[in-house]
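Engineer: Before we start, here is the structure in question, set down as C-alpha cells.
The values are calculated or read from the model by the stated rules, or taken from the named source; none is laboratory data. Here the structure is a predicted model, which means the values were calculated and not measured. FYI the Cβ positions are ideal-geometry reconstructions off the backbone, even for glycines, and counts take in every protein chain you see. SASA here: full protein model, heavy atoms, side chains in, ligands and nucleic acids out. Shrake-Rupley method; radii C 1.70, N 1.55, O 1.52, S 1.80 Å.
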Amino acid sequence: MAGCVSRVELSVTCRSLLDRDLGSRSDPLCVVLHDAGGGRWIELDRTERIKNCQNPEFCKKLVVDYYFEKVQKLKFGVYDIDNKSFDLNDDDYLGGIECTLGQVVSSSVFTRPLELRQGKLAGKGTITVSAEEIKDTRVLCLEIEARNLDKKDLLGKSDPFLEFYKQNDAGMWQLVYRSEVVIKNNLNPCWRKISAPLQTFCGGDFNKPIKVQCADHDSDGSHDLIGTFETNLTELQKAGDGSAVEFECIHPEKKQKKKSYKNSGIIRIKSCKIETEYSFLDYVMGGCQINFTVGVDFTGSNGDPKSPDSLHYISPDGINEYLIAIWSVGSVVQDYDADKLFPAFGFGAQVPPSWQVSHEFALNFNPSNPYCQGIQGIVDAYRQILPQIRLYGPTNFSPIINHVARFAAHSAQQGTASQYFILLIITDGEITDLDQTRQAIVNASKLPMSIIIVGVGEADFKTMEFLDGDNGVLKSLTGEPAARDIVQFVPFRQFKNAPREALSQMVLAEVPKQLVSYYKWQGWPPVKPPEIKKM
C-alpha cells in the first residue's frame with residue numbers, strides 16, 4: 001500500500017444555500033466522502049452544524065490523507081440537519097460537488113456551484129474549499145475569560161462566544177476556531193479551555209496576525225458583534241504562571257461614533273500553552289502493542305451447528321459468518337501484535353466434562369494458556385471445539401469483558417503507553433446480563449481497551465446499538481457515565497455482499513481515536529516519542 005505523503009485540512013464555506021426550513025433558515029453541515037470503488041462512497045469527515053445560516057463558514061476542518069500518486073475522488077455534500085441522528089439519509093440535501101483532492105490542493109481557492117444532481121444546480125448555492133498541509137502536530141491550549149462586556153440583549157445580558165481568525169496569504173481573514181459553548185446571560189464569562197491545532201491557528205508562524213472576535217449569540221443566526229482585537233501567538237504566550245494578558249475589546253462603529261468610548265469589555269488570556277498531540281501512529285511506532293482477544297457466542301439461538309440453518313454451520317467452502325468476522329478483523333489487528341498469540345474464548349455453552357454452562361471458556365480447552373497462534377490458530381480452535389460442546393445459554397457478555405479488563409488494568413498500572421487491548425465479541429442476539437454488561441463497559445472505559453461487537457444473523461440488535469455510545473453517553477445502572485466511548489457495534493448483514501475488507505474498515509475505524517483519547521486522557525506520551533521537527 002502506498003505511503004501517505006501528508007495530511008491536509010480542508011476549510012469549507014458556502015454561499016446562498018437553498019432554504020429548506022419553514023419559518024427559519026437551513027441548519028447546514030458539510031460532509032466529505034471518498035470514492036471507494038464500485039459506486040461506493042465512504043465518509044471521511046464532517047463539519048459542525050451551523051444553525052439558521054445560508055452562508056456558513058464552517059469552523060471544523062475536514063482532515064484528509066493526501067497521496068500524490070493516487071487520483072483521490074472526493075464528494076462534498078451539504079445537508080440541512082433537523083434531527084440528532086448521525087445518518088444523513090433523513091436530512092434535506094442542499095447540494096454537493098464531485099472533484100479530486102488534486103484539484104483542491106492545486107488551487108489556492110477552489111469554488112464550484114452546488115448541484116442537487118448532475119446538471120441540476122442547487123439554486124445560486126456555491127461551495128469554496130481551500131486546503132492546507134498539516135505539518136505541525138502541536139496543539140494550542142488557551143484559557144480565556146472576559147470582564148464587563150457590553151449588554152446586547154433587551155431582556156437579559158449578552159450570551160457571548162469567541163471566534164478566532166488567521167490572515168491567509170491573500171490577506172483575507174479565515175475563521176479557524178469558534179468557542180463551543182455559548183455562555184448564557186453573562187457579561188463576565190469564563191470560557192471552557194480552548195484546544196486547537198497550532199497549524200490551524202497560525203500555520204506555526206508565531207507572529208502571524210490573529211483576530212479575535214467576541215459576539216452575542218442569537219438563535220436566529222444574526223449574532224451581534226460585541227468587540228474585536230488583533231494579536232499574535234508571541235503576545236498570547238506571555239500569559240501564564242498567574243499573570244494574564246489583557247486586550248481591550250473594541251467595537252469599530254462605536255469607537256467612530258462616540259468620542260467618550262473606551263471599550264466594550266476586557267478579554268483576559270489567563271493561560272497559553274503549546275502541547276504536543278500524538279497520533280495513533282506515534283503510539284504504535286513508539287512501541288505500543290495491540291493485544292487482540294476474541295469472544296464467540298455459543299448460545300442455543302445460533303441453531304444446531306450440524307444444520308445448514310445454523311449460524312455456526314460451516315459451509316462446504318469452509319466458512320460461516322463467525323469465521324469471516326474473525327478473519328476480517330483479526331487479519332488487520334495481527335500486524336500490530338509482535339508475538340501473534342491471541343486468547344480466544346467462547347460463552348453460553350455447556351462444556352465437558354461436567355457439562356456446566358460456561359460464559360468464559362478457552363476455545364483450545366486450555367484455561368491456563370488460552371492463546372492461539374495467529375488468526376489461523378483461532379480458526380482451527382473454533383472448528384475443533386464445535387462438535388465437542390452443547391450450545392445453550394444465556395447470552396452473558398460481562399464475564400469476558402471483565403476478563404480482558406483485568407489484563408488492561410494490570411497494564412495501566414505500569415503508567416506507560418505500552419499495551420492496548422481490543423476485544424472482538426461475535427454474537428447472534430440480545431444480551432441477557434445487560435445491567436452487568438453496562439457496568440463492565442463503564443469500568444473498561446477507564447482502561448486501555450476497546451470493544452468491537454459484530455452481530456451475526458437476523459436478530460434485532462437494538463441493545464447492541466444502545467451499548468455503542470454514538471447516540472449519547474452510555475451509563476451504568478447507577479448512572480455513572482462511561483469515561484470514553486469504547487464500543488463499536490456493526491451488524492454483519494450490512495456487509496454480506498461487500499468486499500471482506502469493508503467489515504474490518506468499519507469496525508476498526510474508531511480504534512485509533514479510542515487509543516489516542518485514552519493516552520491523551522492519561523497524559524501518557526508514546527514509549528519512544530517521535531522527534532519534533534522544528535518549524
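Engineer: Stretch residue 430-residue 120 to full length: gain in nm at 0.36 nm per residue minus the Cα-Cα span?
Structural biologist: Extra length available between residue 430 and residue 120 comes to 107.0 nm.
Engineer: Additional query: Given the -39500 (n - 2.57) contribution per DSSP H run of 4+ residues, what per-residue ellipticity at 222 nm results for the chain, rounded to the nearest 500 deg cm²/dmol?
Structural biologist: That calculation yields -5500 deg cm²/dmol at 222 nm.
Engineer: Put +1 on the Cβ of every Lys and Arg and -1 on every Asp and Glu Cβ in the range 214-347; which of 263, 244, 298 then has its Cα farthest towards the positive end of the dipole?
Structural biologist: Of the listed residues, the answer is 263.
Engineer: Let me ask something else about it. To the nearest Å, what is the center-to-center distance of the range 315-331 and the range 409-482, using C-alpha atoms only?
Structural biologist: Taking the Cα centre of the range 409-482 as reference, the centre of the range 315-331 is 23 Å away.
Engineer: Which angle from 0 to 90°, rounded to the nearest 10, does the C-alpha axis of helix 511-522 make with the longest principal axis of the chain?
Structural biologist: Once rounded, one gets 70 degrees.
Engineer: Please sort by residue number the trypsin sites (Lys or Arg not before Pro) in the range 107-144 whose DSSP state is loop and whose Cβ has at most 15 other Cβ atoms within 10 Å.
Structural biologist: Loop-located and lightly packed - 135.
Engineer: Once you put a point 7 Å from the Cα of residue 109 and another 7 Å from the Cα of residue 24, both along the Cβ direction, what distance in nm separates them?
Structural biologist: 3.1 nm
Engineer: Assuming R0 = 51 Å, what is the FRET efficiency of residue 134 and residue 388, from their Cβ-Cβ distance, to the nearest 0.05?
Structural biologist: 0.45
Engineer: Any idea what angle helix 434-444 forms with the longest principal axis of the chain, computed on alpha-carbon atoms, 0 to 90 degrees, nearest 10?
Structural biologist: In the chain, helix 434-444 runs at an angle near 60 degrees to the longest axis.
Engineer: At 1.4 Å probe size, with no ligands or nucleic acids counted, give the accessible surface of residue 25 in Å², nearest ten.
Structural biologist: Estimated to the nearest 10 Å², residue 25 gives 90 Å².
Engineer: Now, a different point. Considering only protein heavy atoms, what per residue accessible area in square angstrom results for the chain with a 1.4 angstrom probe?
Structural biologist: 49 Å²
Engineer: Oh, and also: Out of all DSSP beta bridges with both ends in the chain, state the antiparallel percent to the nearest 5.
Structural biologist: 80 percent
Engineer: Quick check: the angle from helix 321-333's long axis to the longest principal axis of the chain, C-alpha only, nearest 10 degrees?
Structural biologist: Tilt relative to the chain: about 50 degrees.
Engineer: Hand me the trypsin sites (Lys or Arg not before Pro) from the range 214-321 located in a DSSP loop with no more than 13 other Cβ atoms within 10 Å, in residue order please.
Structural biologist: Passing sites in the range 214-321 are 238, 258, 259, 262, 306.
Engineer: How much of the accessible area of the range 105-153, in percent, comes from carbon and sulfur atoms when a 1.4 Å probe is used?
Structural biologist: C and S fraction of accessible area: 44 percent.
Engineer: Using a Förster distance of 35 angstrom, determine the FRET efficiency expected from the C-beta separation of residue 175 and residue 416, and round it to 0.05.
Structural biologist: For residue 175 and residue 416, the calculated efficiency is 0.35.
Engineer: Same structure, new question: At R0 = 35 Å, how high is the FRET efficiency between residue 224 and residue 502 if r is their beta carbon distance? Nearest 0.05 is fine.
Structural biologist: Once the sixth-power term is evaluated, E becomes 0.15.
Engineer: Still on this structure, I have one more. What do you get for chymotrypsin sites (Phe, Trp or Tyr not before Pro) in the range 231-340 restricted to DSSP loop and a cutoff of at most 13 other Cβ within 10 Å of the site's Cβ?
Structural biologist: Listed in order of number, the matching sites are 261.
Engineer: Give the accessible area for residue 274 in Å² (nearest 10); use a 1.4 Å probe, count only protein heavy atoms, and leave out ligands, DNA and RNA.
Structural biologist: Using a 1.4 Å probe on the heavy atoms, I get roughly 50 Å².
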